[in-house]
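The values are calculated or read from the model by the stated rules, or taken from the named source; none is laboratory data. Predicted model only: the values in this text are computed from it and were never measured. Here the Cβ is made from the backbone with ideal geometry for all residues, glycine too, and neighbour counts use every protein chain on show. These area figures cover heavy atoms from the full protein model, side chains too; ligands, DNA and RNA do not enter into them. Shrake-Rupley method; radii C 1.70, N 1.55, O 1.52, S 1.80 Å.
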Amino acid sequence: MQNLIRYLCKWELALVLLLIIELIVFGSITPGFLNVGNILYSLNDFVYIGIAAIPMTYVILTGGIDVSVGAVMGLSSITAGVIWSHGANIWIAVIIALLATVVGGLINGLIVAFTGVQPLVVTLGTMFLYSGIALVISGGSSASGYEGISGFPENFVQLANSTILGIPNPIILLIILMAFFGAVLHFTPYGRHVVLVGINIKAARYSGIRTRWTVVSTYLLAGLGGGLGGLILTSYFGSARSDLGSEAILPVITAVVLGGTSIFGGKGSVIGTAIASIVIGFSQYGLQMASMSSEQTSVVIGVLLILAVVMRQGNWREIKRRLVSKKIPDNSKRGAV
Amino acid sequence: MDYDESPVLMKMKTVFKAFASQPVLQGVSLSLNHGEILALIGGNGAGKSTLMKIIAGLYKADSGDIEIEGEEVKFSAPADAHKKGVYLVPQEPMIFPNMTIEENIMIGMPVPPGVVRKRIKDEVKRLDWHLDTERLASTLSIAEQQLVEILRGLVRQADILILDEPTSTLTFGEINSLFKIVNSLTKEGLGVIYITHRFSEIFQLADSVAVLRGGVISLQGPVTDFTYKKLVEALMPIDKRSSGSEENHHSSMANTAMSTNEQPILSVHKLFGERFHDVSFDLFPGEILGVAGVVGAGRTELAEAIFGLAPWTSGTVTLLGDPIAKKSIRTRMNKGLVYVPEDRHSHGVFRIASIKKNMTSTILHRFKSIFLPFKKEKEITQEYMSALEIKSVGENAELSSLSGGNQQKVVLAKYLVTHPKVIILDEPTRGIDAGSREDIYKIITELQSNGLSVMLISSDIEEVVRLSDRVLVMYEGRIERIIKKQDLSIDAITSAAFGVKKEVVT
């Protein structure tokens, strides 16, 4: 445990260091970048990544993945918008939107836990399903995908655009989520179950842990995280769109993996995810400031993801062996007799 | 095939093999003639598979020679063995379900597809099999898959076929047709090594028998020289032959005073499942019930069904008077039933978690507080670490840093912390060192003296004899015999485990 803490601290410190280096580099490229106000408010632009990535950490901890979370963001945004535009109270619309995302997450979880189909395939399918539903809903209210629904009440728009003690609300939400999910993961029986299922789901089942329910719950939370992220974005932009967050999935998963969570499950940290989401957000923001297109910034994020996975999880001994040995013995036919 | 020069097809001399300084083969010498069917038998862990894997090029022998047709060979991969005509048909056919039979056979052959196709056609015709090689492998029955495996070997022009318990998954009719094929193959000069647990097949099919025991061939000769009794004797450890009954006074007799009117704590009645049939027995408080049998006899499947890991098709299991068919694993554990799995690595341990996290994994849901009671968790872990003498740097040590024996103790502790009343141990001492083995025996007898009921599944017959109050012997998914304490001997268990009827032995 002490070793583990030391190890995690090291990785999280490394992330903080990476963040500082990043800020210095962007500061030297773009004059005026290094300004407390600018930094705090630019955080608002990408805090939704962290909000979705924190619950996603649980999914990846169990050895799964949920690529539908970007579609869920759009679904929550347009659901809230359409329900409000039909005359409902905005807060009721928000609650219904969140419920919709919970149901979306539940469907993901149930399919993954009860059919044994790979999570990537399942959530790839539901990604299309949810973004399709979002489009249908938005078409039903004759709001085109790009204009969206706007004109929300001021108190909803202020949700993401005002500050408490000088700190923007979305950042406070991120910190609350980080503290909550971090505490649940490390200090509660449920969090321990999530980790144990990720280490060895069979052993977990033999230990009497309700492995299916544990898996389902993580997808449910990931759906909720996507919903919260989508609503924060809706409030921040003041408009609801069905394609909101459609490009979020890459940075969200990168944040979890860069944050130190093993893609095979069993090992990970919520705090790491939160810091990594900020690192990624700043790199997107900073590169855009340095007049790079969003396609070009995707290249950077992609490289970051690959580097993080290789550095943290690459089997170095195996890679070395393969590079050194000319011929790999032919065990393909009778490998496991 | 011409084999006029010498009848000897393969010969191995003093082959040694050890895994992690644990000797498995200690000088095995074996020979196989053209056209011979050699049955190879041996208890679990006798080294049959290791020996066959050496012949098939999957393992390298530490020392010793193998000659094929008078020529010394050294294999470093299965492909080398294929070139020399050695082909191993594994126990479970390894077929790619989404490919046709033809594609399955061709895989990995460095020969143009046209040539292979012709060879397949020839072989199928020669053996008069009715097999459409364009069929998808997923449509094949297990028996047909086995045929495809044999075809794979023949198309590779195998002279030596090794069949590893080919009949364990076959039905009666399928077995007969397999035997016919094997017989017709040997007529053409092929040598077959036939691994089996079933004595009846030996007398039906084989020309000669070799018994592997304790890493050496203890007996080899033509099948006509053998009787059931002689085979059973050859399987038994040398120093234990017909002296088994003296062994069983070790375990505490004090606890075995089970009066017949006592209520069973676990009662299994006419239980049927995929791999076990018509199983009925009672387990009484404070009793150690040994469960013996060869690998594949259905013991683990039975235990997993009782624990709730797999359903059974009919029958009842009652725990403390309540039927448990509908109960979840967690409920069964809460009622006092636990199962310590056989496969420690995949079912027992959380490798990258600490000892503490491993041990409390079974009782997390019993902590009623919102947050984990870390202090209590630590106390429980330390208590069981000292009680079971688990050697490590502390409760936070990662499990993978422990030795096999200590890992096994952690797995045991993980289930003991639930305070069970019935504990099913599946191969509790497999693959651990002698010291830990004794520790685990001590723990088991202590559990018994604390009133726990133990179901001890083990392939180590000495272990079963030493610890058990009663022994249930399974054979082919059925209870072959239940042996009482006074009749307990290695003899009795071995013959029952191999399906030899009592009257043949005595």
Open item on the list: Quick check on A:Ile107: is it assigned to a helix (DSSP H, G or I), of a type in the set (A, V, I, L, M) and surrounded by 23 or more Cβ atoms within 10 Å (Cβ to Cβ)?
Closed with: no
Open item on the list: Please go through the stretch B:440-454 and give me each residue that is open to solvent by less than 30 Å² (accessible area, probe 1.4 Å) and either touching a helix residue (DSSP H, G or I) at 6+ places or on another chain (Cβ under 7 Å) or free of Cβ contacts under 8 Å to residues at least 60 places away in the same chain (or both), ordered by number.
Closed with: B:Ile440, B:Tyr441, B:Ile443, B:Ile444, B:Leu447, B:Gln448, B:Val454
Open item on the list: Can you tell me which of (1) among the hydrophobic types (A, V, I, L, M, F, W, C); (2) in contact (Cβ under 8 Å) with a residue 40 or more places away in the chain; (3) surrounded by fewer than 24 Cβ atoms within 10 Å (Cβ to Cβ) is the one A:Ile92 doesn't meet?
Closed with: (2)
- [ ] Pull up the stretch B:113-146, narrow it to residues that are in a loop (DSSP other than H, G, I, E, B) and without any contact (Cβ under 8 Å) to a residue 12 or more places away in the chain, then point me to the one that is farthest from B:Ser184 (Cα to Cα).
- [x] B:His130
Task: Residue in the stretch A:1-8 that is of a type in the set (Val, Ile, Thr), within 14 Å of another protein chain (Cβ to nearest Cβ) and either assigned to a helix (DSSP H, G or I) or out of contact with any Asp or Glu (no Cβ under 7 Å at 6 or more places or on another chain) (or both) present - done: yes
Task: Boolean, B:Ile66 is farther than 30 Å from B:Phe498 by Cβ, in the same structural domain as B:Arg198 (by the TED database) and among the hydrophobic types (A, V, I, L, M, F, W, C) - done: no
Open item on the list: Being assigned to a loop (DSSP other than H, G, I, E, B), modelled with pLDDT of 85 or more and surrounded by fewer than 24 Cβ atoms within 10 Å (Cβ to Cβ) is the requirement here; does A:Gly281 meet it?
Closed with: no
Task: Filter result (touching a His at 6+ places or on another chain (Cβ under 8 Å) and either buried (at least 19 other Cβ atoms within 10 Å of the Cβ) or without any contact (Cβ under 8 Å) to a residue 40 or more places away in the chain (or both)) within the stretch B:184-235 - done: B:Leu190, B:Gly191
TODO: Please work out which one of (1) under 22 Å from A:Arg192 (Cβ atoms); (2) over 24 Å from the mean Cα position of the chain (by Cα); (3) free of Cβ contacts under 8 Å to residues at least 60 places away in the same chain; (4) not in a loop (DSSP other than H, G, I, E, B) is the condition B:Lys368 fails and give its number.
DONE: (4)
- [ ] Scan the stretch A:31-38 and give yes if some residue there is in contact (Cβ under 8 Å) with a residue 12 or more places away in the chain and open to solvent by less than 10 Å² (accessible area, probe 1.4 Å), otherwise no.
- [x] yes
Task: Positions within the stretch B:353-404 being more than 14 Å from every other protein chain (Cβ to nearest Cβ) and of a type in the set (Asp, Glu), in sequence order - done: B:Glu379, B:Glu383, B:Glu389
TODO: Could you grab me the full set of residues in the stretch A:199-219 that are surrounded by fewer than 24 Cβ atoms within 10 Å (Cβ to Cβ) and more than 15 Å from B:Leu364 (Cβ to Cβ)?
DONE: A:Ile201, A:Lys202, A:Arg212, A:Val216
Open item on the list: So A:Leu196 passes all but one of these: (1) of a type in the set (A, V, I, L, M, F, W, C); (2) at the interface with chain B (Cβ under 8 Å from one of its Cβ atoms); (3) open to solvent by 10 Å² or more (accessible area, probe 1.4 Å); (4) in contact (Cβ under 8 Å) with a residue 12 or more places away in the chain. Which condition number does it fail?
Closed with: (3)
Open item on the list: Restricting to the stretch B:101-144, count the residues that are touching a helix residue (DSSP H, G or I) at 6+ places or on another chain (Cβ under 6 Å), acidic (Asp, Glu) and farther than 20 Å from B:His82 by Cβ.
Closed with: 0
- [ ] Identify, from the list B:Ser346, B:Ser328, the residue that is surrounded by fewer than 20 Cβ atoms within 10 Å (Cβ to Cβ), free of Cβ contacts under 8 Å to residues at least 12 places away in the same chain and facing chain A (nearest Cβ under 8 Å).
- [x] B:Ser346
